[in-house]
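Below: one structure, written as structure tokens.
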Amino acid sequence: MQNPNILVVDDEGDFLETLMNRLRKRNISTIGCASGEEAVRLAKEHPFDIVILDIKMPGGMDGIETLREIKRIRPEAEVILLTGHASLETSVEGMKQGAYDYLLKPIRLEDLLEKLAQALERKGSVEHRAQSEEIRKLLQKRAG
Ligand SMILES: [Mg+2]
């Protein structure tokens, strides 16, 4: 499949690496970074289809600020928030700020793949629908 453009943002290096590896094994390659500032810089360079964004990050820019900036630069990008129980309210705020959806950590890869498929489908172009279809096939293969 031609890969969707996906950015993964999370300040926990191990989590970021593991998630990117698990997606790569399913032929979905991503770009990753560990801070809001870096995410914004990357969003200026790449027309991402999907951004998977950790809501709780230390440093200058938290998840919500990063979300706002990304939506300003790339309004067409669908943002999936990753959140802990402690930051659930922040995720609701994120939805108001234009995030597509959120997932509770620890996330199940199947749930993330399903959200990716939904978000790509929603983008609606022939190419994005084909990518969504491919991800759905992956999910069925695992279930069956
Ligand atoms: Mg974090």
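The values are calculated or read from the model by the stated rules, or taken from the named source; none is laboratory data. Bear in mind the structure is a predicted one, so any value in this text is a computation, not a measurement. Using ideal geometry, Cβ is built from the backbone for each residue, glycine included, and neighbour counts are taken over all protein chains shown.
Only one entry in A99, A86 is in contact (Cβ under 8 Å) with a residue 12 or more places away in the chain and in contact with a strand residue (DSSP E or B) (Cβ under 6 Å, 6 or more places away or on another chain), namely A99. Within the stretch 114-137, does at least one residue satisfy the condition of being within 14 Å of the ligand (Cβ to nearest atom), small (G, A, S) and either part of a helix (DSSP H, G or I) or touching a Pro at 6+ places or on another chain (Cβ under 7 Å) (or both)? Taking every residue of the stretch 114-137 in turn, none turns out to be within 14 Å of the ligand (Cβ to nearest atom), small (G, A, S) and either part of a helix (DSSP H, G or I) or touching a Pro at 6+ places or on another chain (Cβ under 7 Å) (or both). Residues that are under 19 Å from L19 (Cα atoms) and in a helix (DSSP H, G or I) are absent from the stretch 96-104 altogether.
Every condition in (1) modelled with pLDDT of 95 or more; (2) touching a helix residue (DSSP H, G or I) at 6+ places or on another chain (Cβ under 6 Å); (3) hydrophobic (A, V, I, L, M, F, W, C) is met by L139 except one, and the failing one is (1).
A Cβ distance below 8 Å, combined with a sequence gap of six or more or placement on separate chains, defines the contacts here; from the stretch 41-60, residues that are free of Cβ contacts under 8 Å to residues at least 40 places away in the same chain and more than 11 Å from D10 (Cβ to Cβ) reach residues that are within 14 Å of the ligand (Cβ to nearest atom) and in a loop (DSSP other than H, G, I, E, B) in the pairs G60/S35. Considering every residue within the stretch 20-40, establish whether at least one is crowded, with 16+ Cβ neighbours inside 10 Å, in contact (Cβ under 8 Å) with a residue 40 or more places away in the chain and touching a strand residue (DSSP E or B) at 6+ places or on another chain (Cβ under 6 Å). No.
Would you mind stating whether R129 is more than 16 Å from the chain's Cα centre (by Cα) and at pLDDT 95 or above? So R129 fits the description; yes.
For the stretch 58-90, filtering for residues that are aliphatic (A, V, I, L, M), within 16 Å of the ligand (Cβ to nearest atom), closer than 26 Å to A117 by Cβ and not in a helix (DSSP H, G or I) leaves 4.
Yes or no, residue by residue, for (1) more than 21 Å from I70 (Cβ to Cβ); (2) of a type in the set (D, E, K, R); (3) surrounded by fewer than 19 Cβ atoms within 10 Å (Cβ to Cβ):
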| residue | (1), (2), (3) |
| --- | --- |
| L82 | no, no, no |
| S87 | no, no, no |
| S91 | no, no, no |
| G94 | no, no, no |
| D101 | no, yes, yes |
| E110 | yes, yes, yes |
| K115 | no, yes, no |
| A119 | no, no, no |
| V126 | yes, no, yes |
